[in-house]
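Everything on this sheet refers to the single structure shown next.
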Amino acid sequence: MNRDPILFRVDGTIKMGWERLTRCLTFAAALQRRRRPTYFLSQLEPGCLGLNIKRSGNDWLEADGPAGSPEDLDETIQEVRRLNPAAVVVDALDVSKEYLTELASTGTLVVSLDHQAATCFPSQLVINPMLGLGRDAYEFMPGTQLLLGERYALVRPEIRRMRPIRAQEPAGPFRALVALGDHDPHHQTAEITRILMNIAKLDRVDIASRPQNPDVARLQELAAAQPDRLELATEGPDIASRIGRCHVAITSGSSLSLELACVGVPQLIVVQSELNWPTAQRLEDEGAAVFLGRHEAVTPSMLRQAVQNLLMDPSERQAMARCGRMLIDGRGPDRLVTALEVMLHPSRLVDFAEAA
C-alpha cells in the first residue's frame, strides 16, 4: 500500500461500547481494498482488542484521553502532523464543533461518522450509516457533504456473504438468534435467552456476542448447562454461520440489525439505547422487523407471544426477509470509499483550500 493513509479516531471501551469500533473496522477493511493504509488512534478496553485491530491489517496507536477531550485533541493533531493522513475519520459520542474545527484547520479532510446529529458539523464529509435521521436533523457548515441512510449501512463482508445463502429460508427445525449487538448495556442477553428456551417450538437458540463482553462468562455457563439446545458464538465467522441458519432474531436496532436485514432475517427489536430508536422505527416502517419497544417495557409474555406468532406465520417471515433485503443491499462500505476518494480528488482539495 503506497497511498496516503487514513486515520481513525474511535474508542472501544466497556462504558462506551464497541459498536463504533466495529463499524470503523468495516470501513477500514473497504479502504484497504483500495490500497489505503489505515491507522487507529483509540482507547481500547480490554487492551487485547489492539491485537484484533492489527490482525485485520491496521496499525493501532493507543490514545491517552477519551475521544473529544482537550488532551485528545492535542494528541490527534500531533498524530495528523506526524502521519500526514489523507483524511481523519472521527466516530465518537462527545465531539464538539470546536474539536472538529481544530482538526480541519490542520488541512486534512475531516470525516464524521455520526448517527445522533447533536452538534454543528464543520467536517467536509458527514456519514450516518444508521437509519431514521434525515438531512433536516443535521446542522452543518457550507460545503459539507452528507451521506445518510440505508445506502451507506456498514455491513461486514463475512455477513454479506451469507446473503445468497439466505435467498430462501433455511429448513427446520426452528432456530432463534439473540443478537443485541456489540454492546449490551442492560445485560439482557441472558434473560432473553431464558425466555426463548421456554418456547417449545424453538429447537435451538444461538447467542451472538463478543469476547470482550463482560457477560461472556455467564453466557458460557448458560450454554454449557444445555449444550443440546443452546450455543454461543463470539467470532465473526461463527456469528455469520448462525445467521445463515436462524429463522428469527432478537435484536436491539444497532448496526447488527441492519446486517441481519441485509441477509433477510426476520427480527423482533428490543431497543436498549435511545440512539437506536430511529433505526428500529424505520425497520418496522419498511416491514423488515417488528418493533416491540424499549427494553424496560417489553415483558417476557410479550416477547414470547411475538416469537410464537412469527414462527406460526411463514408468509410474514418471508415478507420481512424480502423487505429487509430490498432495504439494505450491503454495498455501503464500497459506496463510502468511493465517496471519500471523490472528496480526496485534487480538484476537490483545491476547492477546500479556497474556501478556507
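The values are calculated or read from the model by the stated rules, or taken from the named source; none is laboratory data. The structure displayed is predicted, hence computed values, not measured ones. Backbone-built Cβ (ideal geometry, glycine too); neighbour counts: all protein chains shown.
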*Could you tell me which numbered condition Pro237 fails, if it satisfies all but one of (1) touching an Asp or Glu at 6+ places or on another chain (Cβ under 9 Å); (2) more than 13 Å from Met162 (Cβ to Cβ); (3) surrounded by fewer than 17 Cβ atoms within 10 Å (Cβ to Cβ)?*
(2)
*free of Cβ contacts under 8 Å to residues at least 40 places away in the same chain and among the basic types (Lys, Arg) - does that describe any residue in region 134-155?*
yes
_Some residue of region 184-191 being under 14 Å from Leu303 (Cα atoms) and acidic (Asp, Glu)_ = yes
_Residue selected from region 118-132 under the condition in contact (Cβ under 8 Å) with a residue 60 or more places away in the chain and not in a strand (DSSP E or B), by the criterion farthest from the chain's Cα centre (by Cα)_ = Gln124
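Would you say Gly181 is on the phi > 0 side of the Ramachandran plot and either exposed (fewer than 14 other Cβ atoms within 10 Å of the Cβ) or assigned by TED's automatic domain parsing to the domain that holds Val307 (or both)? Walk me through it before giving the result.
On the way: on the phi > 0 side of the Ramachandran plot: yes; either exposed (fewer than 14 other Cβ atoms within 10 Å of the Cβ) or assigned by TED's automatic domain parsing to the domain that holds Val307 (or both): yes.
Yes: the conditions hold for Gly181.
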*Kindly check whether there is at least one residue in region 119-130 that is at pLDDT below 90, among the hydrophobic types (A, V, I, L, M, F, W, C) and in the same structural domain as Asp72 (by TED's automatic domain parsing).*
no
_Per-region count, region 123-141, residues within 21 Å of Thr338 (Cα to Cα) and crowded, with 16+ Cβ neighbours inside 10 Å_ = 9
*Within region 297-304, is there a residue that is surrounded by 15 or more Cβ atoms within 10 Å (Cβ to Cβ), in contact (Cβ under 8 Å) with a residue 12 or more places away in the chain and assigned to a helix (DSSP H, G or I)?*
yes
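Of these, Ala321, Ala261, Ala297, Ala280, which one is small (Gly, Ala, Ser) and touching a Leu at 6+ places or on another chain (Cβ under 8 Å)?
On the way: Ala321 fails: touching a Leu at 6+ places or on another chain (Cβ under 8 Å); Ala297 fails: touching a Leu at 6+ places or on another chain (Cβ under 8 Å); Ala280 fails: touching a Leu at 6+ places or on another chain (Cβ under 8 Å).
Going through Ala321, Ala261, Ala297, Ala280 in turn, the sole match is Ala261.
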*What tally of residues in region 184-193 results from selecting those that are surrounded by fewer than 20 Cβ atoms within 10 Å (Cβ to Cβ) and out of contact with any Leu (no Cβ under 8 Å at 6 or more places or on another chain)?*
4
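Which ranges mark the strands (runs of 3 or more DSSP E) fully within region 1-116 that have 1 or more residues being free of Cβ contacts under 8 Å to residues at least 40 places away in the same chain? I'd like the intermediate steps shown before the answer.
On the way: elements: 6-10, 38-42, 59-62, 87-91, 109-113.
The strands (runs of 3 or more DSSP E) meeting that bar are 38-42, 59-62, 109-113.
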*Out of (1) at pLDDT 95 or above; (2) crowded, with 16+ Cβ neighbours inside 10 Å, what's the single condition that is false for Arg322?*
(2)
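Taking the conditions exactly as written (surrounded by fewer than 22 Cβ atoms within 10 Å (Cβ to Cβ) and in contact with a helix residue (DSSP H, G or I) (Cβ under 6 Å, 6 or more places away or on another chain)), does Gln145 satisfy them or not?
Numbers: surrounded by fewer than 22 Cβ atoms within 10 Å (Cβ to Cβ): yes; in contact with a helix residue (DSSP H, G or I) (Cβ under 6 Å, 6 or more places away or on another chain): no.
When the stated conditions are applied, Gln145 does not pass them.
Give region 16-32 a look and list any residue that's in contact with a Pro (Cβ under 9 Å, 6 or more places away or on another chain) and not hydroxyl-bearing (Ser, Thr, Tyr), or say none.
We begin by selecting, within region 16-32, every residue in contact with a Pro (Cβ under 9 Å, 6 or more places away or on another chain); these are 16-17, 23, 26-27, 29-31.
Selection gives Met16, Gly17, Arg23, Phe27, Ala29, Ala30, Leu31.
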_Report every pair of residues separated by at least 6 positions or lying on different chains whose Cβ atoms are under 9 Å apart, first residue within region 164-181 and over 14 Å from Arg242 (Cβ atoms), second of a type in the set (Phe, Trp, Tyr) and buried (at least 17 other Cβ atoms within 10 Å of the Cβ)._
Gly181/Trp18
